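Scroll down for the structure; my scribbles are underneath it.
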Amino acid sequence: MTSKITFYRWLSLIGYFGLLLLIVNWFTWLAPPESFPRSMVLILLAGPLLIPLRGLLHGRRRTHQWVIFLSLAYFMGGVDVWFNQVGLKSILGAAMTLFSIILFVGCSYYGKYMGPPREPKKEKKARLAREAEAEAEAEAQRRERGAGYLRTAVAEEGRGGDGCVEGRGQGSRLAIGGGRCPRRVSPGSPRQAQEERRLRQHNKPGHVCAIT
């Protein structure tokens, strides 16, 4: 994988600098324009190539991805000059087309191999299955803890303690302490454990409610 990344990075740099040097030499002394100033043509054609220079030299993946779209414009311009001009301009148009293709291919595959590794389908299915199993096991433990609180309350009530279990629809309400439950917390939640510790530390009757 590292060798592929290095190869396509060098390929993109060859296409980039080849295209840049070709445009500069083309419009300065090989075939300069006759009806437009050379500086204006260089700014319009070579200027956009200077924008991603820093990102390409630092090997940034996002910059290579944006240069893919930039290379398409030079590809279309090179093809137009290649087939509509003759002599030296036709050769220069073919060279622009070639360098733009090299730039396109290099940036495309560099962005592909520099991205996050793709997880195989079998491993992804196995991971999702393990996560679902772990979640189901955690849910079963929470239900078991809630059932344990109910059994403790029933036992306390049978021995004449302060525990009580009150039916409430499809669930039940557990009170630890005396009277009705003014506070309601989920079974096995940190808040329920916190309330129980607080009541035991202060040795006061209280109400810790759980829904199961």
Quick one: in region 76-127, of everything that is over 35 Å from the mean Cα position of the chain (by Cα) and within 15 Å of Y16 (Cβ to Cβ), which residue is surrounded by the most Cβ atoms within 10 Å (Cβ to Cβ)?
M96
Has region 44-62 got at least one residue that is on the phi > 0 side of the Ramachandran plot and within 25 Å of the chain's Cα centre (by Cα)?
yes
Sole miss for Q65 among (1) buried (at least 16 other Cβ atoms within 10 Å of the Cβ); (2) in contact with a Gly (Cβ under 9 Å, 6 or more places away or on another chain); (3) modelled with pLDDT of 95 or more is condition (3)
Considering E123, E34, which residue is among the acidic types (D, E) and under 30 Å from Y8 (Cα atoms)?
E123
Going through region 53-110 one residue at a time, which ones are of a type in the set (S, T, N, Q) and in contact (Cβ under 8 Å) with a residue 12 or more places away in the chain?
Q65, S71, T97, S100, S108
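The values are calculated or read from the model by the stated rules, or taken from the named source; none is laboratory data. If you're wondering where the values come from, they're calculated on a predicted model, not measured in any experiment. So basically every Cβ, Gly included, is an ideal-geometry build from the backbone, and we count neighbours across all protein chains shown.
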